[in-house]
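*Asks:* Before I ask anything, let me first share the structure, which is written out below as structure tokens.
The values are calculated or read from the model by the stated rules, or taken from the named source; none is laboratory data. Just so it is clear, the model here is predicted, and its values are computed rather than measured. Because the Cβ atoms are built from the backbone with ideal geometry, glycine has one as well, and the counts that use them run over all protein chains shown. SASA here: full protein model, heavy atoms, side chains in, ligands and nucleic acids out. Shrake-Rupley method; radii C 1.70, N 1.55, O 1.52, S 1.80 Å.
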Amino acid sequence: MAADPKETGERVFQIYVDTMAQTNAALADSPEPTAELGAELDAIKEAGVTKLVALGKEIAAMSEADRAKVGSTVRMSTYQLSKKPVYADYQAVWKAYVGGDQEFFKKIQSLNILTQYAFFDLLRKQAPDEADRLGV
């Protein structure tokens, strides 16, 4: 039985939100950037990436129309994200680190486009090295 496109889009969005929430928790109280904390953020992101790539395989197997429905569901959910507390917390994290260590900040910033890992055509276009690394 084929996956429901709307449900798949909701799952993609939930992984995005969960990854953002885990990052927010790791950065609560704005700890100093350390190698250990950077590794923790990398692990949080990679766990989200792994889940999104698995869903991406399901999405890639869908018809073009169903893939479009998944994308639309994710976009609509993302538009509503600013109304959720997790996003306000993410904005606070963002502001706390924006002027500091740029490599560390880029780890935080990279969450903005996390959902691209579920859409292989987009990933290949926007991050070809990542698509190659993941074999998609």
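*Asks:* Whether any residue in the stretch 16-27 is modelled with pLDDT of 95 or more, outside any helix (DSSP H, G or I) and not acidic (Asp, Glu) is what I want to check.
*Replies:* Taking every residue of the stretch 16-27 in turn, at least one turns out to be modelled with pLDDT of 95 or more, outside any helix (DSSP H, G or I) and not acidic (Asp, Glu).
Here is a yes/no grid of residues against (1) among the charged types (D, E, K, R); (2) at pLDDT below 95; (3) under 22 Å from residue 5 (Cβ atoms):
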position	(1), (2), (3)
30	no, yes, no
42	yes, no, no
80	no, yes, yes
87	no, yes, no
115	no, no, yes
123	no, no, yes
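Yes or no, residue by residue, for (1) closer than 16 Å to residue 119 by Cβ; (2) out of contact with any helix residue (DSSP H, G or I) (no Cβ under 6 Å at 6 or more places or on another chain); (3) open to solvent by 10 Å² or more (accessible area, probe 1.4 Å):
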{"position": "6", "(1), (2), (3)": "yes, no, yes"}
{"position": "20", "(1), (2), (3)": "no, no, no"}
{"position": "24", "(1), (2), (3)": "no, no, yes"}
{"position": "27", "(1), (2), (3)": "no, no, no"}
{"position": "34", "(1), (2), (3)": "no, yes, yes"}
{"position": "37", "(1), (2), (3)": "no, yes, yes"}
{"position": "44", "(1), (2), (3)": "no, no, yes"}
{"position": "50", "(1), (2), (3)": "yes, yes, yes"}
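*Asks:* If the Cβ limit is 6 Å and pairs must be 6+ apart or interchain, which residue in the stretch 105-120 that is without any contact (Cβ under 8 Å) to a residue 40 or more places away in the chain pairs with which residue that is of a type outside the set (Asp, Glu) and in a helix (DSSP H, G or I)?
*Replies:* Sorted first by the residue in the stretch 105-120, then by its partner, the pairs are 105/97; 116/122; 116/123; 116/126.
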